[in-house]
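Undergrad: This is the structure I have questions about; it appears just below.
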Amino acid sequence: MTRYSAWSLLRAGLSGQRTWTPAWREGKPRKRYQAVIIGGGGHGLATAYYLASKHGMKDIAVLERGWIGGGNTGRNTTVIRSNYFFPESTRFYDFSLSLYEGLSRELNYNIMFSRRGMWTFAHDRHGVEMLRRSVNAMRLNGADAEYHEGADVLRRIPGLNPTPRFPILAGLLQPRGGTARHDAVAWGYARAADRLGVDIIQNCEVTGFDIREGRITGVQTSLGDIAAERVGLAVAGHSSVMAKRAGFRLPIVSYALQAFVSEPMKPVLDTVVLAPSTGTYLSQSDKGEIVVGGTLDLFPSYAQRGSLPVLEHTAAGLIDLFPHFSRVRLLRQWAGIVDVVHDSTPILGESPVKGLYLNCGWGTGGFKAIPGGGFCLAHHIATGEAYPLAAPFSLDRFRTGALIDEAAASGIAH
């Protein structure tokens with residue numbers, strides 16, 4: 001496999017771009033694997049990569065119903081942050097953020113990580129108080145956070161409306177927050193996993209599970225049965241569907257989360273902005289598009305499409321923040337299906353079926369958790385023990401009551 005470098009770019013250019021090889025092989029399923037990962041999105045590919053690179057497992061298959069990165073990994077707004085409130089969440093997401101910071105070098109693939117900072121605004125005195133508490137909590141838990149008064153926020157973000165409908169009284173800035181290219185994250189992990197011998201099998205739907213005496217022994221797929229004693233489930237918004245096929249229920253409800261992009265423009269916004277009053281958040285991509293996200297559709301759905309009411313609401317929030325975007329044309333709108341847990345905290349670890357492990361419940365924050373989620377799930381699959389950072393996220397918390405209610409940091413309305 002070609003190692004990407006300035007020299008390889010020059011050599012390919014001189015040869016008319018005819019020397020590139022496919023980034024990963026088109027895998028064919030075998031009868032048995034040491035481990036099978038269901039889901040070829042960021043979390044599934046990262047899990048396979050870390051199983052191979054950190055734990056030396058080589059006999060691994062990633063099964064994807066569609067194409068690599070075609071699910072939620074390719075249907076989000078690419079924001080990366082760790083501005084959570086509770087220690088368990090902040091430490092985990094900060095760990096994931098730290099992995100993102102070195103990921104391009106580790107994978108030898110430019111994921112276009114941009115540390116441009118992320119702002120969260122406060123619009124009333126209650127919001128200001130909560131913002132101060134959040135800054136203190138983040139600092140106590142080891143994450144970077146700065147508190148800024150409203151006048152300073154306006155000075156630091158050019159173009160921000162000084163008199164919006166919901167006044168900006170203060171802002172929380174996480175300087176290490178930012179964005180990355182979502183496709184590149186999936187492609188980078190796929191390429192690196194393939195280099196380590198992982199079989200990546202696309203257009204392969206898992207239709208059932210082989211379970212004997214409470215332990216998984218394999219999966220049934222559209223391309224035939226595959227035996228495996230360790231199976232990881234990383235299928236984002238369809239986690240509850242797959243759990244039902246395995247014979248148990250998850251405390252998850254699936255919703256559509258909509259987003260859209262504008263036509264490309266010259267650079268006008270060099271940071272990520274979130275306005276909780278309207279649920280609007282935005283950044284500018286490296287191609288110049290304004291990437292805008294809105295709130296969840298407040299009814300369960302598996303439909304990966306946008307709707308006019310959400311578009312109208314989110315566009316109103318966008319223009320309230322940046323009036324000069326009022327004449328910008330929108331190019332695309334889409335929805336990703338997110339699995340929301342009651343306490344807005346993910347589920348990582350063992351399922352009621354022995355040998356079947358869960359990576360789900362990320363709600364609106366799955367993209368930023370890809371490296372951390374994959375790393376922790378790989379550790380659990382390989383060793384049989386939860387990685388310490390992921391231990392609080394087990395399914396067992398719904399039995400003990402040790403819930404971690406991160407609805408505010410997740411941007412999910414109650």
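The values are calculated or read from the model by the stated rules, or taken from the named source; none is laboratory data. Keep in mind that what you see is a predicted model, and the values were worked out from it rather than measured. Glycine also receives a Cβ, built like all others from the backbone with ideal geometry; neighbour counts cover every protein chain displayed. These accessible areas exclude ligands, DNA and RNA; they are computed on the full protein's heavy atoms, side chains included. Shrake-Rupley method; radii C 1.70, N 1.55, O 1.52, S 1.80 Å.
Undergrad: Report, in whole Å, the centroid distance computed from the Cα atoms of the stretch 218-235 and the stretch 259-298.
TA: Using only Cα atoms, the two centres lie 38 Å from each other.
Undergrad: Quick one: plug the Kirkwood hydrodynamic radius of the stretch 169-250 (C-alpha pairs) into Stokes-Einstein at 20 °C, 1.002 mPa s, and report D in µm²/s.
TA: Translational diffusion coefficient: 134 µm²/s.
Undergrad: Take ARG165, ARG176 and sort them by solvent-accessible surface of the protein heavy atoms, 1.4 Å probe, largest at the top.
TA: ARG165, ARG176
Undergrad: Sticking with this structure for a sec: Strictly greater than 19 Å: what percent of every Cα pair in the stretch 1-136 meets that?
TA: 68 percent
Undergrad: Oh, and also: Which shape class, rounded, prolate or oblate, goes with the stretch 89-146 when its Cα gyration tensor gives a ≥ b ≥ c as root eigenvalues, a/c under 1.5 marks rounded, and past that a/b bigger than b/c marks prolate?
TA: Taking the square roots of the gyration eigenvalues as a ≥ b ≥ c, the stretch 89-146 is prolate.
Undergrad: Can I ask one more? Quick check of the Kirkwood formula: for the stretch 290-342, what is the inverse mean of 1/r over all pairs of different Cα atoms, in Å?
TA: Evaluated over the stretch 290-342, this radius sits at 12.5 Å.
Undergrad: Once you charge only the Cβ atoms, +1 for Lys and Arg and -1 for Asp and Glu, what is the size of the charge dipole of the chain about its Cα centre, to the nearest 20 debye?
TA: Using Cβ point charges on Lys, Arg, Asp and Glu, the chain gives about 940 debye.
Undergrad: Under 5 Å between amide H atoms, partner at least 5 residues away or on a different chain: which partners does THR217 have, H built in plane at 1.01 Å?
TA: Distant-sequence amide H within range of THR217: ASP210, ILE211, ARG212.
Undergrad: Can you give the calculated 222 nm mean residue ellipticity of the chain, where each DSSP H run of n ≥ 4 adds -39,500 (n - 2.57) and the sum is split over every residue, rounded to the nearest 500 deg cm²/dmol?
TA: -9000 deg cm²/dmol
Undergrad: Relative to 2.2 N^0.38 Å, what does the C-alpha radius of gyration of the stretch 216-337 come to as a ratio? Two decimals please.
TA: 1.41
Undergrad: Using r as the Cβ-Cβ distance of ARG125 and PHE299, and R0 as 51 Å, what FRET efficiency do you calculate, to the nearest 0.05?
TA: 0.95
Undergrad: Alpha carbon centre of the stretch 346-407 versus the stretch 1-69: separation in Å?
TA: If we compute the Cα centre of each part, the gap is 24 Å.
Undergrad: Peptides 5-16, 391-402, 92-103, 219-230: what's the order by average Cβ count within 10 Å, highest mean first?
TA: Ranked by mean Cβ neighbours within 10 Å, highest first: 92-103, 219-230, 391-402, 5-16.
Undergrad: Find the accessible area per residue for the chain; the probe is 1.4 Å, ligands and nucleic acids are left out, and the unit is Å².
TA: In whole numbers, the chain has 44 Å² accessible per residue.
Undergrad: Kirkwood hydrodynamic radius, the stretch 304-394, all distinct C-alpha pairs: what's the number in Å?
TA: 15.9 Å
Undergrad: Rg/Rh for the stretch 210-278 to two decimals, with Rh computed the Kirkwood way over all alpha-carbon pairs.
TA: 1.23
Undergrad: Along the charge dipole of the stretch 256-388, which of ALA259, GLY384, VAL353 sits closest to the positive end, that is, farthest toward it, with unit charges on the beta carbon of Lys, Arg, Asp and Glu (+1, +1, -1, -1)?
TA: Final value for the positive-end residue is ALA259.
Undergrad: Where does the chain land on Rg(C-alpha)/(2.2 N^0.38 Å)?
TA: Normalised Rg, Cα atoms only: 0.98.
Undergrad: Follow-up question, since we're still on this one. Give the residue list of chymotrypsin sites (Phe, Trp or Tyr not before Pro) in the stretch 37-90 that are DSSP loop and have at most 15 other beta-carbon atoms within 10 angstrom.
TA: TRP67
Undergrad: For the stretch 52-107, what does the alpha-carbon gyration tensor say about shape, rounded, prolate or oblate, given a ≥ b ≥ c as the root eigenvalues, a/c under 1.5 as rounded, and a/b over b/c as prolate?
TA: Oblate shape, in that a/c is at least 1.5 and b/c is the bigger or equal ratio.
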